[in-house]
1. Give me the helices (runs of 4 or more DSSP H) completely within segment A:37-142, filtered to those with at least 3 residues that are more than 10 Å from chain B (Cβ to nearest Cβ), ordered by residue number.
2. Can you name the strands (runs of 3 or more DSSP E) wholly within segment B:113-176 that have at least 2 residues being open to solvent by less than 50 Å² (accessible area, probe 1.4 Å), within 14 Å of another protein chain (Cβ to nearest Cβ) and modelled with pLDDT of 90 or more?
3. Of everything in segment B:27-43 that's more than 9 Å from chain A (Cβ to nearest Cβ) and open to solvent by 10 Å² or more (accessible area, probe 1.4 Å), which residue is nearest to residue A:56 (Cα to Cα)?
4. Looking at (1) in the same structural domain as residue B:22 (by TED's automatic domain parsing); (2) crowded, with 18+ Cβ neighbours inside 10 Å, which is the one condition that is false for residue B:65?
5. Please determine whether any residue of segment B:138-158 is hydroxyl-bearing (Ser, Thr, Tyr) and under 26 Å from the mean Cα position of the chain (by Cα).
6. Identify the residue in segment A:23-81 that is free of Cβ contacts under 8 Å to residues at least 12 places away in the same chain and within 14 Å of the chain's Cα centre (by Cα) and, among all such residues, is least open to solvent (accessible area, probe 1.4 Å).
7. Output the residues belonging to segment B:9-26 that are within 11 Å of chain A (Cβ to nearest Cβ) and in contact with a strand residue (DSSP E or B) (Cβ under 8 Å, 6 or more places away or on another chain).
8. Take the residues in segment B:53-102 that are more than 14 Å from chain A (Cβ to nearest Cβ) and polar (S, T, N, Q); name whichever of them is nearest to the chain's Cα centre (by Cα).
Amino acid sequence: MLSSRRGTTIDEESAADLRLTEKFEKANCLFPAEVKLILEDRKNAHTNPESELSRIPITNTLEKTLAYVQAFPQYKNTETAREVRNKLERFEKFRQFEIAALASLCPEQAEEAKALVPRQVLILYEELQNVLDELNSMKDTQM
Amino acid sequence: MFFYMTLDKEIVLHPKYFGPRLRQALMEKLYTEVEGTCDGERGFIVAITSLSEEHLGRGRLMAGKGLVSYHVQYQAVVFRPVKGEVMDAIVTVVNKMGFFAEAGPISIFVSQVGGMPSEYSFDVTSNPPCFKSADMTIGAITVGSQVRLRIAGMRIDAESITTVGTIKDDYLGFIA
């Protein structure tokens, strides 16, 4: 049975109240635009003969994941993705999971955000709506 | 959800690698043994980004074997679905029971019974088959459609994660 003696077990995990197993509690979460940058870098390193990663084959999982993060129009470039993360991290109330979920789902209304990413109980609607408006303005509108 | 984590692994090297390219051999072995694998507890390890050089200490000789074991610490992008999480996915298979959609390395099944709003019904006459509502007010779901779904349940095995999703709640369903 995959479980830790103390803390949340896998069966008790839930995004609804942000209960995650210990290892994931401490980890940083990434939204697809950030993952896209990392994976594209990795793929470029593979094709670059001078890189020490050139001899390591690209796995099917990586290809599939790269295709997935490229399929959803997100933020225009590295700077925009970084700005998005900075804007969200400025709110200390948001946990890592919420930051990544908001950045990837990019809801337009506070109502929608609360339905999709449940745990923002301590943030006011107006504050949340301001954040969402900023996020949406940075979204890449070229489909 | 994509996580950026620090993970550990024991890498065992055969003496034939003990030469000037030892570090390169160690790195290649780590990448080939770890990238692309799925561990029920940690999820799918999509890509390794770096190794912790300070932790790359001396190897330990395994008594009686001549092989050397290194304890390596590395940073990687991991994909692990969390129950209740909402994510976007692309539909790959549609049949009368429901549809399969892929998000990154995982495939999520959404059942017609319990996972979709009652307005949706399976249209076997269209090519390719799709799910659509009688009054066409909501988008038809077919192969290649993008949907926003919530992970309703997961079964975690030693080497794979099977997920079931739903599009029944507010703000979920057909995107494009």
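The values are calculated or read from the model by the stated rules, or taken from the named source; none is laboratory data. Predicted model, so just to flag it, every value in this text is computed and none were measured. All Cβ positions, glycine included, derive from the backbone under ideal geometry; neighbour counts span all protein chains shown. For accessibility, only protein heavy atoms count, side chains too; no ligands or nucleic acids. Shrake-Rupley method; radii C 1.70, N 1.55, O 1.52, S 1.80 Å.
1. Values: elements: A:60-71, A:78-89, A:96-105, A:110-116, A:125-138.
Because the criterion is at least 3 residues that are more than 10 Å from chain B (Cβ to nearest Cβ), the helices (runs of 4 or more DSSP H) in segment A:37-142 that meet it are A:78-89, A:96-105, A:125-138.
2. Details: elements: B:120-123, B:130-133, B:146-156, B:161-166.
Answer list for segment B:113-176: B:146-156, B:161-166.
3. From segment B:27-43, those more than 9 Å from chain A (Cβ to nearest Cβ) are B:29-30, B:33-34, B:39; that's our starting set.
When the remaining residues are screened for being open to solvent by 10 Å² or more (accessible area, probe 1.4 Å), the result is B:29, B:33, B:39.
Values: B:29: 9, B:33: 11, B:39: 21 Å.
If we take residues in segment B:27-43 being more than 9 Å from chain A (Cβ to nearest Cβ) and open to solvent by 10 Å² or more (accessible area, probe 1.4 Å), then B:29 is nearest to residue A:56 (Cα to Cα).
4. Among (1) in the same structural domain as residue B:22 (by TED's automatic domain parsing); (2) crowded, with 18+ Cβ neighbours inside 10 Å, the lone unmet condition for residue B:65 is (2).
5. Just the residues of segment B:138-158 that are hydroxyl-bearing (Ser, Thr, Tyr), to begin with: B:142, B:145.
Subset that is under 26 Å from the mean Cα position of the chain (by Cα): B:142, B:145.
Yes.
6. Per the stated criteria, the residue is A:24.
7. Narrowing segment B:9-26 to residues within 11 Å of chain A (Cβ to nearest Cβ): B:21, B:23-25.
Answer for segment B:9-26, where residues must be within 11 Å of chain A (Cβ to nearest Cβ) and in contact with a strand residue (DSSP E or B) (Cβ under 8 Å, 6 or more places away or on another chain): just B:25.
8. Residues of segment B:53-102 that are more than 14 Å from chain A (Cβ to nearest Cβ), as a first pass: B:54-72, B:93-99.
Imposing the further condition that a residue be polar (S, T, N, Q) reduces the set to B:69, B:95.
On the way: B:69: 29, B:95: 23 Å.
By that ranking, first place goes to B:95.
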